[in-house]
Amino acid sequence: MRPPITVGIDGFPESPPAAHWAAREALLRDVALRLVHAWILLAPTDPEVTSGEDIPRGDDQNYWARRLLSDTVGELRAAHPELRVTAELVPQETVRALLAAGRDAEMLVLGSRGRGTIGGFLLGSTGRQTLARGTRPMVLVHADDGGRNADVTVGLGLRRAADEVLEFAFDAAARRGGSLRAVHAGAHRADPDATAALSAALLPWRDKYPRVPVAEEITSERAGRGVVRAAAGSGLLVLGRDGAGHGGVPRLGAVTHAAVHHAPCPVAVVPCG
């Protein structure tokens, strides 16, 4: 059985859009959806939560946490009757809980603050640490990511192989029935080496996914600006993330920072290497 898609749930407005995006993705991939809410004060109780369960308030320390998950499960089942969904309270600190849940998931989906605001520009510590340290693909969904365009944009560097990123991007485009735009930013437009390297990187994946229309783009824009601009009109932007930064410390690059703050669509971050 394939692993589920896992979505982190909290009480902020970004959670419902992320949960619904993850639900649609689970149906697209024919896998189950798992909701996880980290609640460090969790008192001993059954951690699994079901929709419509009778949750007596009383002195239950977990009442609001359980109510949050129960309401979300009910909303998802009403909107997606065929969805297989479970929910779980995890008695751990948030980052630790999300990293653990993500290791056993096909992908981890998180809500992200809105674009263009001070709050949106500062990726929270939870999101930053999870994106930097996660071992499976992670998707950031903004509260206003309402579009469902089937097309996918992938941002590529050309200094090293990006097979994990390209496999995720081509597979996503194929499942959606959309096209793929592959963008390399930061090069001279007329750079024949960059053009040849981009075409060579895409060739085996074009062969594997012959029904996915592919457009190639080389731009001299700064990398972050270039991939964000290219993603306009797309339903998903896919980027890679190196395993670690200097000294083996996980980090996010400037392009990923720019994308999760400003991209006009959900952003998938795929660990490489």
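Applying the selection to the stretch 57-112, what residues are modelled with pLDDT of 90 or more, over 14 Å from Gly8 (Cβ atoms) and assigned to a helix (DSSP H, G or I)?
Ser70, Asp71, Val73, Gly74, Glu75, Leu76, Arg77, Ala78, Ala79 - these are the residues of the stretch 57-112 that are modelled with pLDDT of 90 or more, over 14 Å from Gly8 (Cβ atoms) and assigned to a helix (DSSP H, G or I).
I'd like to know if the stretch 208-219 contains one or more residues that are β-branched (Val, Ile, Thr), part of a loop (DSSP other than H, G, I, E, B) and in contact (Cβ under 8 Å) with a residue 12 or more places away in the chain.
Scanning the stretch 208-219 turns up at least one residue that is β-branched (Val, Ile, Thr), part of a loop (DSSP other than H, G, I, E, B) and in contact (Cβ under 8 Å) with a residue 12 or more places away in the chain.
Within the stretch 152-159, identify whether any single residue is modelled with pLDDT under 90, buried (at least 17 other Cβ atoms within 10 Å of the Cβ) and not charged (D, E, K, R), and answer yes or no.
There is at least one residue in the stretch 152-159 that is modelled with pLDDT under 90, buried (at least 17 other Cβ atoms within 10 Å of the Cβ) and not charged (D, E, K, R).
Could you check how many residues of the stretch 137-159 are part of a loop (DSSP other than H, G, I, E, B) and farther than 20 Å from Arg206 by Cβ?
9
For the subset of the stretch 8-56 comprising residues that are in a strand (DSSP E or B) and modelled with pLDDT under 85, which member is surrounded by the fewest Cβ atoms within 10 Å (Cβ to Cβ)?
Glu48
Testing Ala231 on (1) at pLDDT 90 or above; (2) surrounded by fewer than 15 Cβ atoms within 10 Å (Cβ to Cβ); (3) of a type outside the set (Lys, Arg), one condition comes back false. Which one is that?
(2)
What about Arg181, is it open to solvent by 20 Å² or more (accessible area, probe 1.4 Å) and under 23 Å from Glu14 (Cβ atoms)? Steps first, please.
Values: open to solvent by 20 Å² or more (accessible area, probe 1.4 Å): yes; under 23 Å from Glu14 (Cβ atoms): no.
No: the conditions fail for Arg181.
Which of the numbered conditions does Val255 fail, given that it passes all the others? Conditions: (1) crowded, with 22+ Cβ neighbours inside 10 Å; (2) modelled with pLDDT under 90; (3) over 16 Å from the mean Cα position of the chain (by Cα).
Unmet condition: (3).
In the stretch 115-136, which residues are part of a loop (DSSP other than H, G, I, E, B), open to solvent by 60 Å² or more (accessible area, probe 1.4 Å) and either at pLDDT 80 or above or of a type outside the set (Val, Ile, Thr) (or both)?
Within the stretch 115-136, Gly116, Leu122, Thr135, Arg136 qualify.
May I ask you to list the residues in the stretch 160-178 that are outside any helix (DSSP H, G or I) and open to solvent by 40 Å² or more (accessible area, probe 1.4 Å)?
Passing the criteria: Arg160, Ala161, Gly177.
The values are calculated or read from the model by the stated rules, or taken from the named source; none is laboratory data. Worth saying up front: this structure is predicted, and the values here are computed from it rather than measured. Neighbour counts run over all protein chains shown; Cβ positions are idealised from the backbone, glycine included. To get the accessible areas, we keep the full protein, side chains included, count just its heavy atoms, and leave off ligands, DNA and RNA. Shrake-Rupley method; radii C 1.70, N 1.55, O 1.52, S 1.80 Å.
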